[in-house]
Amino acid sequence: MSSSVIDTLQKFQSELLEQAEGVGALKFGAFTLKSGRISPYFFNAGLMSTGKILNTIANAYAAAIVAALESPKNPLPPFDVIFGPAYKGISLAACTALVLSAKYDRSYGFAYDRKEAKDHGEGGKLVGVPVNGKKVLILDDVMTAGTAVRLAIESIQAAGGDVVGVVQLLDREEVGKDGESTVDEIEGLLGGKGRVQSVLKMRDLMRWLADNGQKERLDAMEEYRNQYGRKE
């Protein structure tokens, strides 16, 4: 295993991976992605839908956010509002805001969008604390092409907000056909390195497999990473 994947996992990362596999959100095998690539693993955050695992996810997001804010190298910029793109991101952002307040004494506004603008009542597409004039952090599950994040950035900017960063649940650490990754593209949109953070990276998943003696799965992951992985 390469030296880039030998870091020790945090407790919340191990717990998250164990629970994700337990509910079938993390699977190993051969999965055809939208890109046409055959991936040795598949992650579906939509299946992580119990109170127990949502608590684990929210605590993992909160820990990752605090660590990123305090990082000595390319820290996440300060923000005012946590934004969850519809629909998966809504519960993630709400629960993470709650944990950040209760556990870390860091209080942030919470907002999300609708798939379609509401034409009655308060109207509009965004719900929650107003983002106008605020610095906003977007939470996402897994960015493939980054479509949901790009749409969220457009909506927030249209409402007068300033998107300063994105935290995703899992970074697949892959490059596209042009050799650039979605993370690189989004960081370019937002102003540079450190603007996209993650709770888990593919290398963390590999570390977890190594710790649990899953050599066959680890070998498949290593082969895939050598072929499509982002070079740093």
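Brief remarks on what is shown
- Only one of the numbered conditions (1) at negative phi; (2) in a loop (DSSP other than H, G, I, E, B) is violated by Phe83, and that is (2).
- Residue among Leu100, Leu76, Leu16, Leu9 that is in a helix (DSSP H, G or I) and closer than 24 Å to Glu173 by Cα: Leu16
- Pairs meeting the criteria (first residue in the range 95-106 and farther than 11 Å from Tyr61 by Cβ, second residue polar (S, T, N, Q) and open to solvent by 60 Å² or more (accessible area, probe 1.4 Å), beta carbons under 9 Å, at least 6 apart or on different chains) are Ser101/Ser107.
- When residues of the range 1-37 are limited to those that are among the hydroxyl-bearing types (Ser, Thr, Tyr) and at pLDDT 90 or above, the one most open to solvent (accessible area, probe 1.4 Å): Thr32
- Leading residue by the ranking (least open to solvent (accessible area, probe 1.4 Å)) among those in the range 38-66 that are without any contact (Cβ under 8 Å) to a residue 60 or more places away in the chain and of a type in the set (S, T, N, Q): Thr56
- Pairing residues of the range 203-228 that are closer than 23 Å to Thr32 by Cβ and free of Cβ contacts under 8 Å to residues at least 60 places away in the same chain with residues that are in a helix (DSSP H, G or I) and open to solvent by 40 Å² or more (accessible area, probe 1.4 Å), at Cβ distances under 7 Å and at least 6 apart in sequence or on separate chains, gives Leu209/Arg217.
- Some residue of the range 161-181 being crowded, with 20+ Cβ neighbours inside 10 Å, in a helix (DSSP H, G or I) and out of contact with any Leu (no Cβ under 7 Å at 6 or more places or on another chain): no
- Exactly one residue out of Phe83, Phe79 is in contact (Cβ under 8 Å) with a residue 40 or more places away in the chain, in contact with a Lys or Arg (Cβ under 9 Å, 6 or more places away or on another chain) and not β-branched (Val, Ile, Thr), and it is Phe79.
- Residue match in the range 135-143 (condition: among the charged types (D, E, K, R), in a helix (DSSP H, G or I) and open to solvent by less than 30 Å² (accessible area, probe 1.4 Å)): no
- Residue ID - nearest to Leu98 (Cα to Cα), chosen from residues in the range 19-57 that are of a type in the set (D, E, K, R) and in a loop (DSSP other than H, G, I, E, B): Lys34
- Candidates in the range 182-232 are the residues that are within 16 Å of the chain's Cα centre (by Cα) and either basic (Lys, Arg) or open to solvent by 50 Å² or more (accessible area, probe 1.4 Å) (or both); of these, the one that is farthest from Phe79 (Cα to Cα) is Arg203.
The values are calculated or read from the model by the stated rules, or taken from the named source; none is laboratory data. Here the structure is a predicted model, which means the values were calculated and not measured. A quick note on method: Cβ atoms are made from the backbone with ideal geometry, for glycine too, and the neighbour counts reach across all protein chains shown. What goes into the accessible areas is simple: the full protein's heavy atoms, side chains included, and nothing from ligands, DNA or RNA. Shrake-Rupley method; radii C 1.70, N 1.55, O 1.52, S 1.80 Å.
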